[in-house]
Amino acid sequence: SIRNVAVIGSGMAGLTAAIMLGKSGQQVKVFEKSRGPGGRMSSKRVPGGAVDVGAQYFTGRNPAFLDFLENYAGADRFGPWHGTFGFQSAQEGWQPFPDETRYVGIPRMTAITRGLSDHVELTPQVRIARLNRMGTRWQLICTEGKDHGEFDQVVITAPPAQTQELLAASGLTQLLSESQAPGGDILPCWAVAVHFSEAPAARFDAMRPDSDVLYWVANNSSKPGRSDASPWWVLHATPEWTEANVDATPEAVSNELLAAFRQLTGFDGTPVELVTHRWLYARSASSEQPGFVWDKGQGVGIAGDWLEGGRVEGAWESASQLAEAMQAG
Ligand code: FAD
């Protein structure tokens, strides 16, 4: 029989679950609190293009993931990033990243989630606050108190704190304790994108420096399909520095990150444009367990990167495993 399924969240996990459940014949609706899909696979529009301020690249270790992207996002919406990657260790200095194909969205990270979202029925700008039991179904209530319909099953793909808030408000205490078990703390991240009029001479296109301030530094314009006349660089602060400066002003944050960038590269060009974004939930340090959570009796499932290794490919793995478990009954 055809079931009505609600998916909360339209990042990689939510879109994957919605597409797979739809493909198996379920009637699926996706709800997203932001203006558009993508979640942490995020790009900010800037004059002349866009710059990726969230996920920087992703792996395609499971060929089924790349097949899924080709089929539903489109083969022209992503591709390998042929940049140079290096990390710095206190003992051994700079070293190249291990060989691996690293993929990005083309011409921006959100090209992927835009493509995927064409295959789902998405309601943006609705933040689900509570699930209300109505017999054997769940009624979805948003933060404005509006009713968004009744569903046989619900898939939650929000980051852990937001998922737990929703479960608590819905009286789903068993699921709440299961969702706390993975202990996946998602760490915050201050992100700054800077546009320079001339190219900094840097050792690599993307770097993981040995720094208390900078976690990641990358030349966004070295990704495929970007058409910037002069380069945009992305600077991510370390989780520790972000936690210590979480309430700092964007201006103070960008000044400090730029100072660290200057120290790292020796480049002293002045940015011509600058964009700052604070991620309260960025990357998790969580384990590979349990992959997903599915309470068949309640008809409520949970998927997301934080249940499966904390990366884009993990978000896909988590959601596809959950969709499979739901189809199995
Ligand atoms: P999300 O993308 O967070 O999606 C959850 C969605 O749910 C969001 O759109 C949110 O708005 C929505 N939502 C939440 N609550 C509600 C609600 N109550 N109602 C409705 N909607 C709701 N991964 C990599 O693989 N490689 C990287 O290089 C990398 N770098 C990163 C750098 C940064 C700065 C950040 C922030 C992340 C990075 N990641 C990276 C992690 C990667 O972005 C995530 O693992 C992945 O995008 C998570 O997908 P998801 O669908 O599980 O969660």
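The values are calculated or read from the model by the stated rules, or taken from the named source; none is laboratory data. In this text, all values refer to a predicted model and were calculated from it rather than measured experimentally. Neighbour counts run over all protein chains shown; Cβ positions are idealised from the backbone, glycine included. Just the protein is used for accessible areas: all its heavy atoms, side chains included, with ligands, DNA and RNA removed. Shrake-Rupley method; radii C 1.70, N 1.55, O 1.52, S 1.80 Å.
Rolling a 1.4 angstrom probe over the range 212-329 with all protein chains present gives an accessible area of which 48% lies on carbon and sulfur atoms.
Shown in residue order for the range 53-68 are the 3J(HN,Hα) couplings computed by the Karplus curve 6.51 cos²θ - 1.76 cosθ + 1.60 at θ = phi - 60°: 9, x, 3, 8, 6, 9, 8, x, 6, 8, x, 5, 5, 5, 4, 4 Hz (x for Gly and Pro). Applying 1/(1 + (r/R0)^6) with R0 = 45 Å to the Cβ-Cβ distance of residue 169 and residue 259 gives a FRET efficiency near 0.60. More than 13 Å apart: what percent of Cα pairs in the range 174-242 qualify? Cα-Cα pairs in the range 174-242 separated by more than 13 Å: 71 percent. Per residue, the accessible area of the range 194-324 comes to 43 Å², computed with a 1.4 Å probe over protein heavy atoms only.
Taking every protein chain into account, the 1.4 Å probe leaves residue 127 with about 90 Å² of accessible area, to the nearest ten. Maximal additional length on extending the residue 133-residue 267 stretch stands at 42.4 nm, based on 0.36 nm per residue less the C-alpha distance. Residues in the range 186-198 carry Karplus couplings, in order, of 9, 8, x, 8, 7, 10, 10, 10, 10, 9, 9, 7, 10 Hz; the curve used is 6.51 cos²θ - 1.76 cosθ + 1.60 with θ = phi - 60°, and Gly or Pro positions show x. The length gained on full extension between residue 185 and residue 161, counted as 0.36 nm times the residue separation minus their Cα-Cα distance, comes to 7.8 nm. The chymotrypsin sites (Phe, Trp or Tyr not before Pro) found in the range 47-131 include none that occupy coil by DSSP while having at most 14 further C-beta atoms within 10 Å. Each principal axis of the Cα atoms in the chain has its own extent, and those three values, largest first, are 65, 40, 38 angstrom.
Here the Karplus relation 6.51 cos²θ - 1.76 cosθ + 1.60, evaluated at θ = phi - 60°, turns the backbone of the range 130-146 into coupling constants of 6, 9, 10, 5, 10, x, 9, 10, 10, 9, 9, 10, 8, 5, 8, x, 7 Hz, with x for every Gly and Pro.
About the centre of its Cα atoms, the chain shows a dipole size close to 860 debye [charges on the beta carbon of Lys, Arg (+1) and Asp, Glu (-1) only; nearest 20 debye]. Tell me which of 139, 201, 316 sits at the most positive position along the dipole axis of the chain, charges placed on C-beta atoms (Lys, Arg +1; Asp, Glu -1). Result: 139, furthest along the dipole toward the positive end.
If you take all other residues with their beta carbon under 13 Å from the beta carbon of residue 27, and give Lys and Arg +1 and Asp and Glu -1, the sum is +1.
Helix 312-328 and the long axis of the chain differ in direction by around 10°, with both axes built from C-alpha atoms.
Dividing the mean sequence gap of close Cα pairs (under 8 Å, 6+ apart) by how many residues the chain holds gives a relative contact order of 21 percent. Averaging 1/r across all pairs of distinct Cα atoms in the range 175-295 and inverting the result yields a Kirkwood radius of 15.9 Å.
How far apart, in nm, are two points set 7 Å out from the Cα along the Cα-to-Cβ line at residue 198 and at residue 230? Modelled inter-label distance: 0.9 nm. Applying Stokes-Einstein at 37 °C and 0.692 mPa s to the Kirkwood radius of the range 87-200, computed over alpha-carbon pairs, gives a translational diffusion coefficient of 175 µm² s⁻¹. Taking the DSSP beta bridges with both ends in the chain, the antiparallel portion is around 75 percent. Mean residue ellipticity, 222 nm, helices only, the chain: the sum of -39500 (n - 2.57) across DSSP H runs of n ≥ 4, divided by residue count and rounded to 500, is -7500 deg cm²/dmol. Pick from 217, 46, 155: which is most flexible by mean-square fluctuation in a GNM of the chain where alpha carbon atoms under 10 Å apart are linked? For the chain, modelled as a Gaussian network with Cα springs under 10 Å, the answer is 46.
Say the cut-off is 18 Å between C-alpha atoms; which of 23/146; 23/296; 44/223 go over it? Result: 23/146; 23/296 exceed 18 Å. For residue 285 and residue 123, a Förster radius of 30 Å and the Cβ-Cβ distance give a FRET efficiency of 0.40, rounded to the nearest 0.05. If the segment from residue 152 to residue 61 were pulled out straight at 0.36 nm per residue, it would be longer than the present Cα-Cα gap by 29.4 nm. Ordering 46, 237, 26 by Cα displacement along the dipole of the chain toward the positive end leaves 26 in first place; charges were set at the Cβ atoms of Lys, Arg (+1) and Asp, Glu (-1).
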